Every structure is written in structure tokens, then in C-alpha cells.
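Single-structure report; data block below.
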Amino acid sequence: MAFLEHAINLEDLPESTSGEFTPLPAGWYSATINKASLEPTKDGTGQKIAMRYDVTGPTHQGRVVFGNLNIKNKSAKAEEIGRAQLGDIMRAVGLSQVTDTDQLIGGNLQIKLDIKTDDQYGTRNEVKAFKASSDAVPMAASMPSFQKPAAATPSSDGAAPPWAKK
């Protein structure tokens with residue numbers, strides 16, 4: 001338990017102006033993966049990667065969209081779709097292999113949103129597709145690579161290179 005320095009009265013607090021979040025319009029958005037965690041499916045028999053995408057543009061910057069990727073599911077079709085989506089995400093962010101969901105975090109990509117309505121959650125966004133962002137640097141390329149410098153080759157005219165002249 002944590003005690004506050006002083007009492008906070010409800011009458012002193014402003015009312016929220018955010019209200020309910022309405023879904024974003026359907027379409028393509030630039031986004032960054034901010035969360036990717038392995039969780040059990042609702043029925044406990046499979047596994048999903050719970051994803052959080054932070055929208056970076058071209059509109060609605062700062063909005064958040066959630067999605068799940070079924071990677072192990074008793075429904076073969078659900079598993080196939082989830083694994084295909086994971087493959088699309090990996091291609092979009094430039095990863096050839098993933099051994100930890102944290103490797104997905106920080107990836108920049110384009111997500112295609114649709115609007116879905118159901119009895120349980122009401123109207124919400126659903127991530128339907130993924131592609132590489134035109135300004136994204138592949139995550140594998142963001143790691144420094146140390147290469148051995150190329151050996152100097154003699155010039156074609158037989159003269160010594162400038163650094164070798166005295």
C-alpha cells in the first residue's frame with residue numbers, strides 16, 4: 001500500500017475529455033512494435049504473441065493498436081494464419097530469424113487496419129496485413145558489422161599508390 005501525501009478529492013479533479021477510443025479509419029499506417037510477448041491462448045491450449053503497435057503516421061500519431069498472432073493453436077487454420085502474419089512482420093522489419101519475442105520490439109513497419117464489430121468487444125480495429133515501411137531500416141542492418149578492410153590493389157598503370165610515394 002502507498003499513502004498519498006494528502007487526500008485527493010474527486011471534486012478537485014477534471015473530467016476526462018478522451019472518452020471512449022473510436023477505431024482508426026481503415027487503411028495503411030506507419031507503426032512501431034512496442035510490445036511483443038508470448039501468452040497462452042484464451043482456452044489455454046495454445047500460444048499467441050500479443051502485439052502492441054504504436055502508430056507513427058501519416059495520421060493518428062500516438063494511437064495504439066493491439067493484435068495477436070496465433071503461433072500454436074488447436075485450429076490448424078488459426079495457426080497457419082498467425083504464422084503467416086509473423087512471417088510478414090519479420091520480412092517487413094528485416095528479421096530472418098526470431099528466438100525471442102523481444103527481437104520484434106522496435107521494428108518499424110506498415111500495418112493495414114480494418115474495422116471489426118462483435119458482441120464482446122464492440123467496434124474495434126483489427127490488424128489485417130503488414131509490409132515494410134518505405135523509411136524503415138532493416139533491424140538486422142541496424143547492428144554494426146565489422147568487416148576486414150579490403151586489401152589495397154595496385155593501380156592499373158603500374159604506378160605506386162599515392163600513400164606509398166615518398
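The values are calculated or read from the model by the stated rules, or taken from the named source; none is laboratory data. Note that this is a predicted model, so its numbers are computed, not measured. Virtual Cβ from ideal backbone geometry, glycine too; neighbours counted across all protein chains shown. Please note that ligands, DNA and RNA were not included when accessible areas were found on the heavy atoms of the full protein model with its side chains. Shrake-Rupley method; radii C 1.70, N 1.55, O 1.52, S 1.80 Å.
The figures follow:
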item	result
Filtered residue count, the stretch 79-131, keeping only those that are within 11 Å of the chain's Cα centre (by Cα) and among the β-branched types (Val, Ile, Thr)	5
Only listed residue being in a loop (DSSP other than H, G, I, E, B) and at negative phi, chosen from Leu113, Leu95, Leu109	Leu95
Residue match in the stretch 70-87 (condition: closer than 13 Å to Lys112 by Cα and open to solvent by 40 Å² or more (accessible area, probe 1.4 Å))	no
Search result, residues across the stretch 34-48 that are under 12 Å from the mean Cα position of the chain (by Cα) and either surrounded by fewer than 13 Cβ atoms within 10 Å (Cβ to Cβ) or within 19 Å of Arg83 (Cα to Cα) (or both)	Lys35, Ala36, Ser37
Residue among Ala7, Ala31, Ala26 that is open to solvent by 50 Å² or more (accessible area, probe 1.4 Å) and within 15 Å of Glu126 (Cα to Cα)	Ala26
Of all residues in the stretch 116-154 being aromatic (Phe, Trp, Tyr) and in a loop (DSSP other than H, G, I, E, B), the one that is modelled with the lowest pLDDT	Phe146
Neighbours by Cβ (under 8 Å, 6+ apart or cross-chain): first from the stretch 94-111, crowded, with 16+ Cβ neighbours inside 10 Å; second basic (Lys, Arg)	Ile105/Lys35; Leu109/Lys131; Gln110/Lys131
Of residues in the stretch 49-69 being among the charged types (D, E, K, R) and open to solvent by 50 Å² or more (accessible area, probe 1.4 Å), the one nearest to Thr22 (Cα to Cα)	Arg63
